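**Student:** Below is one structure. I have some questions about it.
Any read-out appearing in this document is the output of simple, stated calculations on the displayed coordinates, not a laboratory observation. Only a predicted model underlies this, so the values are computations on that prediction, with no experimental measurement involved. Using ideal geometry, Cβ is built from the backbone for each residue, glycine included, and neighbour counts are taken over all protein chains shown.
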Amino acid sequence: MSSDSVRPPDALSSEERAVRALYSQIIDGWNQRNAEAFATPFAQDGEVIGFDGSRMSGRAEIATTLGQIFSDHVTAHYVCKIKTVRFLCPDVALLRAIVGMIPRPQSCPQRASDPGCC
């Protein structure tokens, strides 16, 4: 199954909505600079590959590493648009999204009205 992001939410299957929600949780965790919130949607043995090619293996390492990054660096805000969600089998989906980063000034607080994901 494949879907374009211009389809109305009520036209999406419950499975596709669930995949999109997981992705939104990850992006929201990053934008809130909350390492635990970012890591929670991942499986215990999930992996993250950073923009620089670095690799984090496992939910605990993801949370620990991002916690260090968030405490030591001002991170850019992610905005994204989901292009497609395709189910490879009933329990595996491939989500394709376009993501951009908006640099934050160090003094800029996170606002609830900031554009989020999807």
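**Student:** Using a simple charge model, +1 on the beta-carbon of Lys and Arg, -1 on the beta-carbon of Asp and Glu, nothing else, what dipole does the stretch 26-91 show about its Cα centre, in debye to the nearest 20?
**Tutor:** Numbers: 6 positive and 8 negative charges, 65 e Å.
It comes to approximately 320 debye.
**Student:** OK, next. Tell me, in nm to one decimal, what length is gained between Ile98 and Arg17 on full extension, where the rule is 0.36 nm per residue of separation less the Cα-Cα distance?
**Tutor:** Length gained between Ile98 and Arg17: 27.4 nm.
**Student:** Is the C-alpha gyration tensor of the stretch 46-103 telling us rounded, prolate or oblate? Criteria: a/c under 1.5 is rounded; beyond that, a/b larger than b/c is prolate, otherwise oblate. Please list the in-between numbers first.
**Tutor:** Details: a/c = 2.95, a/b = 1.40, b/c = 2.11.
Note, shape of the stretch 46-103 comes out oblate.
**Student:** Under a crude label model (7 Å from the Cα following the beta-carbon direction), how far is Asp72 from Phe51 in nanometres?
**Tutor:** 1.7 nm
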